[in-house]
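Let me begin by presenting the structure, written as structure tokens, before commenting on it.
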Amino acid sequence: MMKKINIWFNHWFSTAYHIINLIKQDNDTAFHIIGTSRNPDSVVKNACDEWYSEPDTHGREYIDFCLDFCKEHNIDIFAPRFNQLDVCRYADEFEKINVKLLADSYDKISFLHDKAKAYNLFTEKNIGYVPDYRIVRTAEEFEKGFKELSENHEKLCLKFTSDEGATSFRIIDSEPLGPFQRAGNHIDYQKAVADISWLKGEKEIMLMPLLSGNEVSADCLQTQDGTIIIPRFKTNTRTEYIRHDPRIISACKDFFEKFGLDTPCNIQFIYHNDIPYFLEINTRMSGGIQLTCMASGVNIPNIAVNKFLGIQKPWHMPAEEVKITHIETPVILK
């Protein structure tokens, strides 16, 4: 009889549906997946063996909910996405009740969640290529930084140094939008100055060139057999490519050698003038990891949870380029 391991996914993106199904592709361990969410209609529910609602809480109150939930449901592994940083801050309390966190240490995660610190790390450790950038808090710093960067770059953009899903990302336009033009992710220079003034220095902002090439999402995991590094090249369609650019592979290897993470992560790059520039590091599995796994034949989610159990799953990296796409699939909710 296979050993049963309880894994909890709290309020994840809908793509956790695929991550959970990949974990369950196992012949040695019976993974029992328990999911929670604030969204009662989350499709993740269909992939889970048990499903519960989450309270609308934050901070210490949410941590207490998590600890109680782990005790009540005999959780062995907790894969936090929502409030990941807070959960990792109290990792010792989860350790006391024998719950393993599928996340790295609070110090490492908090460091990488700050884009300014991550960019400084890549610069100081000479990891890959880092775009020109300025960190600003005030309108005066923004105006100065904008002037300096504009001398060598045609178009600039901005985003908060702590952000998820690029919600604060804006392309800066020199002129206001004309009639019937939608702002979308654009902002004109004067409005940017006004908005930054309104923030009164409460938010740290990264100002950098707008990089115009294809994005690359490298899904990574450190294992006993070496570091899994699978670069997935995105396009302006649903077609993506698994392509082993040696510059991206080298940058990822350098990151793991000079900083390192024990759990799955996603390192993002973007090409500009044929140079792959570092964008950011997500300290969790990416929203497109199912594409990476299918195209490469390497089941990162399953390898990751088995690693936590002391089980070494074999993997082999294909050398050839693989093209992959995806389609909308209707799913009847439970």
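The values are calculated or read from the model by the stated rules, or taken from the named source; none is laboratory data. All of these numbers come straight from a predicted model, not from anything done at the bench. Backbone-built Cβ (ideal geometry, glycine too); neighbour counts: all protein chains shown. Surface areas here come from the heavy atoms of the whole protein model, side chains and all, with no ligands, DNA or RNA. Shrake-Rupley method; radii C 1.70, N 1.55, O 1.52, S 1.80 Å.
Laid out as a table, the results:
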quantity: Helices (runs of 4 or more DSSP H) enclosed by region 1-103 - at least 2 residues per element that are within 23 Å of GLY297 (Cα to Cα); calculated: 16-23
quantity: Residue in region 44-60 that is among the polar types (S, T, N, Q) and within 21 Å of VAL305 (Cα to Cα) present; calculated: yes
quantity: Region 118-131: number of residues that are in contact (Cβ under 8 Å) with a residue 40 or more places away in the chain and open to solvent by 60 Å² or more (accessible area, probe 1.4 Å); calculated: 3
quantity: Failed item, numbered, when PRO231 is tested on (1) under 26 Å from ASP104 (Cβ atoms); (2) in contact (Cβ under 8 Å) with a residue 40 or more places away in the chain; calculated: (2)
quantity: Strands (runs of 3 or more DSSP E) enclosed by region 254-334 - at least 1 residues per element that are within 30 Å of PRO40 (Cα to Cα); calculated: 265-272, 275-282
quantity: Subset tally (residues that are among the hydrophobic types (A, V, I, L, M, F, W, C), surrounded by 21 or more Cβ atoms within 10 Å (Cβ to Cβ) and out of contact with any Lys or Arg (no Cβ under 7 Å at 6 or more places or on another chain)) for region 230-255; calculated: 5
quantity: Candidate set: region 134-174, residues that are open to solvent by less than 50 Å² (accessible area, probe 1.4 Å) and of a type in the set (D, E, K, R); chosen: the one modelled with the lowest pLDDT; calculated: ASP163
quantity: Single condition TYR90 does not satisfy, out of (1) free of Cβ contacts under 8 Å to residues at least 40 places away in the same chain; (2) open to solvent by 80 Å² or more (accessible area, probe 1.4 Å); calculated: (2)
